[in-house]
Amino acid sequence: MTALSSIVIGNESLLVRCATLWLERGHSITAVITRSPEVRAWAEGEGLKVLAQDTLVADRLAPASVDWLLSIANLSLIPEGLLSVARLGAINFHDGPLPAYAGLNAPVWALLNGETRHAVCWHRIAGGIDEGDVIEERAFDIAPDETALTLNTRCWEAAIDSFAALV
């Protein structure tokens, strides 16, 4: 297996779990970009470079170049300058099936619309919001008594499972 380099960007525990799996598979992380104190603390504990998530982050990375940019539990648009540091491309996690549930709050919209199935996706970042090609997806049934909390938890679990396959 060829070791790959990455920059990870995001603000939730999902980033920590996926980044840990990435490292366990022998890959490297050049930088963690986050607004989250918890993610920052984890990354610093791992000895990783941490950068604040703001509009100047690409400038602070220059002249960095990595294989992949991984956007995990990141709800902010990524500046083009940051996307350009990834030689092989950028991948985003989305907590809903694409293209049907692009955008924010996909699990809640699925529940409000009475869906019986849901999915999470890892997709290339290209075009507009959540428009890139889906690389990995996990679909599952929505239980009749599902709540936003339980569906979000199931999305988190499916994200970990599908990220392992993605790596």
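The values are calculated or read from the model by the stated rules, or taken from the named source; none is laboratory data. Everything numeric here is computed off the predicted structure, so don't read it as measured data. When we count neighbours, we look across all protein chains shown, and the Cβ atoms used for this are built from the backbone with ideal geometry, even at glycine. Accessible surface is based on the protein model in full, side chains and every heavy atom, while ligands, DNA and RNA are left aside. Shrake-Rupley method; radii C 1.70, N 1.55, O 1.52, S 1.80 Å.
Tally up the carbon and sulfur contribution to the accessible surface of the chain as a whole percent, 1.4 Å probe, everything protein left in place. Can you show the working numbers first?
On the way: 4590 of 8340 Å².
About 55 percent, which is the carbon plus sulfur part of the accessible surface.
Could you give the accessible area per residue of the chain, probe 1.4 Å, as a whole number in Å²? Spell out each step's value before the answer.
Details: 8340 Å² over 167 residues.
I get 50 Å² per residue for this part.
From zero outward in steps of 5 Å, how is the percent of C-alpha pairs of the chain spread across the bins?
2, 9, 19, 21, 20, 15, 8, 4, 2, 0, 0
May I ask for the angle, rounded to the nearest 10°, between helix 148-166 and the longest principal axis of the chain, with both axes built from Cα atoms and the value confined to 0 to 90°?
Computed tilt is about 50 degrees.
Between S5 and L56, what FRET efficiency comes out of the Förster formula 1/(1 + (r/R0)^6) with R0 = 22 Å and r the beta carbon distance, rounded to 0.05? Intermediate results must be reported in sequence, preceding the final value.
Values: r = 22 Å, r/R0 = 0.99.
Here the calculated transfer efficiency is 0.50.
Using only DSSP helix segments of four residues or longer, with each worth -39500 (n - 2.57), what per-residue ellipticity at 222 nm results for the chain after dividing by its residue count and rounding to 500?
Working: 6 runs with 56 residues, N = 167.
So the helix-based figure for the chain works out to -9500 deg cm²/dmol.
With each label point set 7 Å from Cα along the Cα-Cβ vector, what nm distance links N113 and L88?
Each label point lies 7 Å from its Cα, and together they span 3.2 nm.
Pop out the ³J(HN,Hα) list for segment 57-71 in order, Karplus 6.51 cos²θ - 1.76 cosθ + 1.60 with θ = phi - 60°, rounded to Hz; leave Gly and Pro as x.
Calculated HN-Hα couplings, in order: 4, 4, 5, 6, 8, 3, x, 4, 9, 10, 6, 9, 9, 10, 9 Hz.
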